[in-house]
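Okay, so here's the structure we're looking at.
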Amino acid sequence: MIIYISGGARSGKSRYAQERARQLSDSPVYVATAHIWDDEFGRRVERHRNERGPEWTTFESERDLNNLPLENQVVVIDCVTLWLTNLFMAFDNDIEQTLNAFKAEIDSLRQLSGTLLIISNEIGMGLHADTELGRKFTDLQGWANQYVATHADEAIFMVSGLPLYLKKNF
């Protein structure tokens, strides 16, 4: 089962996903996709690590999430945006290669038993990026989000800390 959770920055996506995961499991798994680019971001990641309790198993993986031991688990994947960034960099900013690799990973994850709560940002709802690379990434993010949402059992859009249910299959 895939539960897709999207929204803007600080919309409550991660909090909501973690609460849902704890409702579904006493020992959930957290997959962090972040690459630590600078000290400030490293402090953010450390704060997030400290916010989760000892009941969480954490994997830090920038890509190839489908190779992690996630079978029969309740898993929070945080987040598509950082995961895509890692792939985008690995494929020298090639949208097609990045999107194909991302879709292949999602397709592999879909084969697993368990529940995946996949978090993503809606970055295309604000100002247009002022660089070609930024616009390419915004397009990539939109297509990746559509792919995950299409294959999700549930899709939730977070607004001001509140869930707006877009798709609910139960």
Being part of a loop (DSSP other than H, G, I, E, B) and surrounded by 13 or more Cβ atoms within 10 Å (Cβ to Cβ) is the filter here, so list the residues in the range 65-83 that pass it.
68, 70, 79
What pairs come up if the first residue lies in the range 54-82 and is β-branched (Val, Ile, Thr), the second is in a loop (DSSP other than H, G, I, E, B) and open to solvent by 60 Å² or more (accessible area, probe 1.4 Å), and their beta carbons are under 7 Å apart, counting only those six or more places apart or on different chains?
57/27
How many residues are touching a residue at least 40 places away in the same chain (Cβ under 8 Å) and under 15 Å from residue 1 (Cβ atoms) if we restrict to the range 150-166?
6
Those residues of the range 49-59 that are surrounded by 11 or more Cβ atoms within 10 Å (Cβ to Cβ) and over 17 Å from residue 117 (Cβ atoms) come to a total of 1
Taking the range 98-141 as the region of interest, how many residues are small (Gly, Ala, Ser) and over 24 Å from residue 75 (Cβ atoms)?
4
Looking at the range 157-170 only, could you name the residues that are open to solvent by less than 30 Å² (accessible area, probe 1.4 Å) and not in a loop (DSSP other than H, G, I, E, B)?
158
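Given the residues 46, 40, 62, which is the only one that is of a type outside the set (Lys, Arg), assigned to a helix (DSSP H, G or I) and either closer than 22 Å to residue 7 by Cα or open to solvent by 80 Å² or more (accessible area, probe 1.4 Å) (or both)?
Just a single option satisfies the conditions, and that option is 40.
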Which ones in the range 113-128 are open to solvent by less than 40 Å² (accessible area, probe 1.4 Å) and either in a helix (DSSP H, G or I) or at pLDDT below 95 (or both)?
121
Of these, 93, 145, 100, which one is surrounded by fewer than 18 Cβ atoms within 10 Å (Cβ to Cβ) and either touching a strand residue (DSSP E or B) at 6+ places or on another chain (Cβ under 7 Å) or at positive phi (or both)?
93
Of residues in the range 17-31 being open to solvent by less than 20 Å² (accessible area, probe 1.4 Å) and within 13 Å of the chain's Cα centre (by Cα), the one farthest from residue 148 (Cα to Cα):
30
Yes/no for residue 131 being of a type in the set (S, T, N, Q) and surrounded by 15 or more Cβ atoms within 10 Å (Cβ to Cβ)
no
The condition of being in contact with an Asp or Glu (Cβ under 9 Å, 6 or more places away or on another chain), open to solvent by less than 50 Å² (accessible area, probe 1.4 Å) and of a type in the set (Asp, Glu) holds, among 154, 105, only for 105
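The values are calculated or read from the model by the stated rules, or taken from the named source; none is laboratory data. Please read all numbers here as calculations on a predicted model, not as lab measurements. Counting neighbours? That spans all protein chains shown, and the Cβs are built from the backbone with ideal geometry, glycine included. We work out accessible area using only protein heavy atoms, side chains counted, and drop any ligands, DNA or RNA first. Shrake-Rupley method; radii C 1.70, N 1.55, O 1.52, S 1.80 Å.
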